[in-house]
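What follows is a single structure, written as structure tokens, with notes after it.
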Amino acid sequence: MNEVARIGTHVKGLDERLEGGIPVGFTVLISGPSGSLKSSLAFNMIYHSSKDQGLKSLYLSVEQSRESLLKQATSLGYSMEGMNDLNIVDLANLRQEAGGTGRENWFTSLKDILIRYVEEFDCQILVIDSLDALYALSNLENPRNEIFNFFEVLRGMNLTTFIVSEMPREGSSFGKYGVEEFLSDGIIHLRLREIEVGKTTSVRRYIGVAKMRSTKHDLDYYPLLVDKSGFEILVD
């Protein structure tokens, strides 16, 4: 039986629970509520995959400007010096490529743009941040059908793709239309939980793998620690 090639999540303690990481070529949702560090986790994965594994990467930011994203990355301790294989493109660049500034159907426009970028940068890893921002910018006449076609385009590019997806804090669906979780090959779920500590209430972050095809993994959620040394889960 051939061993599956994998890309690390670069979350200390998590890859060991994913048989070494995420299978190459998968499309994976990173889902969670606002403030759960979805974008930071996605950037962490693509940054270290580029820096440590030499993989050419594209971070497509629909919500933040490139400058804002770089400022956030710096605050978390990421140095962009010498990171020539990590390309960051924001909405302003995308609109210029699309030739418009109005409310386009980005699921249509983005397909051709992505194919062009992937060929230009020779990418192996892609982050789309976020799916919900694309929804807000698009007029979807048949959402489920258009989302299905979009996922098929991503698979056809033979990339490992991470898609940031917003979900309610107490929600059970990992995507707005309820089809994203079935179309994805994997789901990394971030949670926020309130913990009573003495007379105060503290909000803690947790991470779990809700789905990962071709991988033996547990369904436990682990406390997630984040500082300038990186991402790490706490394991008893």
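The values are calculated or read from the model by the stated rules, or taken from the named source; none is laboratory data. These figures come from a predicted structure and were not determined experimentally. In this analysis, Cβ positions are derived from the backbone assuming ideal geometry, glycine residues included, and neighbour counts consider all displayed protein chains.
Look at (1) assigned to a helix (DSSP H, G or I); (2) hydroxyl-bearing (Ser, Thr, Tyr); (3) closer than 20 Å to Gly8 by Cβ and you find that Tyr78 fails only one, number (1). All conditions in (1) surrounded by 18 or more Cβ atoms within 10 Å (Cβ to Cβ); (2) of a type outside the set (A, V, I, L, M, F, W, C); (3) over 30 Å from Ser138 (Cα atoms) hold for Ser61, with the sole exception of (3). Residue pairs whose Cβ atoms lie under 6 Å apart, sitting 6 or more positions apart in sequence or on different chains, and linking a residue in region 208-236 that is small (Gly, Ala, Ser) to a partner that is modelled with pLDDT of 95 or more and surrounded by 12 or more Cβ atoms within 10 Å (Cβ to Cβ), are Gly208/His189; Gly208/Tyr221; Ala210/Ile187; Ala210/His189; Ser214/Pro23.
Only residues that are of a type in the set (Val, Ile, Thr) and buried (at least 20 other Cβ atoms within 10 Å of the Cβ) were counted in region 1-25, giving 4. Assess whether Gln72 counts as being buried (at least 18 other Cβ atoms within 10 Å of the Cβ), polar (S, T, N, Q) and under 17 Å from the mean Cα position of the chain (by Cα). For Gln72, the condition - buried (at least 18 other Cβ atoms within 10 Å of the Cβ), polar (S, T, N, Q) and under 17 Å from the mean Cα position of the chain (by Cα) - is not met. Pairing residues of region 136-150 that are surrounded by fewer than 15 Cβ atoms within 10 Å (Cβ to Cβ) with residues that are modelled with pLDDT under 90, at Cβ distances under 8 Å and at least 6 apart in sequence or on separate chains, gives Asn139/Arg103; Asn139/Asn105; Asn149/Phe107. Within region 119-128, can one find any residue that is among the aromatic types (Phe, Trp, Tyr) and closer than 17 Å to Ala92 by Cα? Within region 119-128, not a single residue is among the aromatic types (Phe, Trp, Tyr) and closer than 17 Å to Ala92 by Cα. Pairs linking a residue in region 20-40 that is under 20 Å from Ser214 (Cβ atoms) to a residue that is in a loop (DSSP other than H, G, I, E, B) and among the aromatic types (Phe, Trp, Tyr), with Cβ atoms under 9 Å and 6 or more positions apart or on different chains, are Leu29/Phe174; Ser31/Phe174.
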